[in-house]
Amino acid sequence: MKELKSYIRELTYILNKIDGQYYFCAKHLGLKENELAILYALDDGRQHTQKEIGEFWLIPKTTVNTIVRQYVKDGYITLTCEKKSKEKIIELTERGREYASLMLKNVYEAEECAMDLTLREYSNEFIKALECFSEHLSREFDLYIQKEGEKS
């Protein structure tokens, strides 16, 4: 049991350290952490809604909305109404793609280099293991929250 606790603590520390690297990178780029995450999300070339971005990237709706409004004003994104929904589709404009490319170029290069080095040492099994842990943890937290709700 004590060994599990130390593994969990070490993993939590490492994940926090990774999050911190993105925070400091965003700061260096003159962005807020959530701006970097939204640019990153939109730079995949697909259409997204504010709701999707907020839920997937765990960014509060109000924060997503504030950044989206600013990026519309700056000409980086467009908003179009989604059929049969109140949700609006967010897409990068040409100017937005150029901005995202500029902001994310070094991020992508650093990630690719780090991933290449890591895969050489550990293969892609480490990604599968992290995904597995994430799914188990999510399920356990959901069960915990459900039990707590039943007590109330």
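The values are calculated or read from the model by the stated rules, or taken from the named source; none is laboratory data. Computed from a predicted model, the values in this text were never measured in an experiment. With ideal geometry, Cβ positions are generated from the backbone for all residues, glycine too; neighbour counts draw on all protein chains shown. Calculation scope for accessible area: heavy atoms of the full protein, side chains included, ligands and nucleic acids excluded. Shrake-Rupley method; radii C 1.70, N 1.55, O 1.52, S 1.80 Å.
Along the charge dipole of the stretch 1-124, pointing to its positive end and built from +1/-1 on Cβ of Lys, Arg, Asp and Glu, which listed residue (Leu119, Val72, Asn106) has its Cα farthest out?
Result: Val72, furthest along the dipole toward the positive end.
Would you mind estimating how fast the stretch 25-77 diffuses translationally, via Stokes-Einstein at 20 °C and 1.002 mPa s with the Kirkwood radius over Cα pairs, in µm²/s?
Once the numbers are plugged in, D ends up at 191 µm²/s.
Lysines within cross-link reach of Lys86: Cα-Cα under 16 Å, excluding same-chain residues under 8 positions apart?
Within reach: Lys51, Lys61.
Note down the magnitude of the dipole of the stretch 15-63 about its Cα centre, charges +1 on Lys and Arg C-beta and -1 on Asp and Glu C-beta and zero elsewhere, to the nearest 20 debye.
120
Taking springs between alpha-carbon atoms closer than 10 angstrom, which of Lys84, Lys27, Lys61 fluctuates most in the Gaussian network model of the chain?
Evaluated over the chain, the most mobile residue of the options is Lys84.
Restricting to DSSP loop positions (anything but H, G, I, E, B) with no more than 16 other Cβ atoms inside 10 Å of their own Cβ, which GluC sites (Glu not before Pro) remain in the stretch 52-144?
Taking the stretch 52-144 and a limit of 16 other Cβ atoms within 10 Å, the loop GluC sites (Glu not before Pro) found are Glu82, Glu87.
At a Cα cut-off below 25 Å, give the lysines reachable from Lys5, other chains included and same-chain residues fewer than 8 away excluded.
Result set, ordered by chain and number: Lys17, Lys128, Lys147.
So what is the diffusion coefficient of the stretch 30-124 in µm² per second by Stokes-Einstein at 25 °C and 0.890 mPa s, using a Kirkwood Rh over Cα pairs?
The estimated diffusion coefficient comes to 171 µm²/s.
How many percent of the accessible area of the chain is carbon or sulfur, using a 1.4 Å probe?
Heavy-atom surface of the chain belonging to carbon and sulfur, 1.4 Å probe: 57 percent.
Kindly give Rg over Rh for the stretch 1-45, based on alpha-carbon atoms, with the Kirkwood expression for the hydrodynamic radius.
Across the stretch 1-45, the Cα-based Rg/Rh ratio is 1.22.
Could you provide, to the nearest whole Å², the per residue accessible area of the chain with probe 1.4 Å?
Per-residue accessible area for the chain comes out at 79 Å².
Going Cα to Cα from Lys105, which lysines come in below 18 Å? Please leave out same-chain ones fewer than 8 positions away.
Lys27, Lys32
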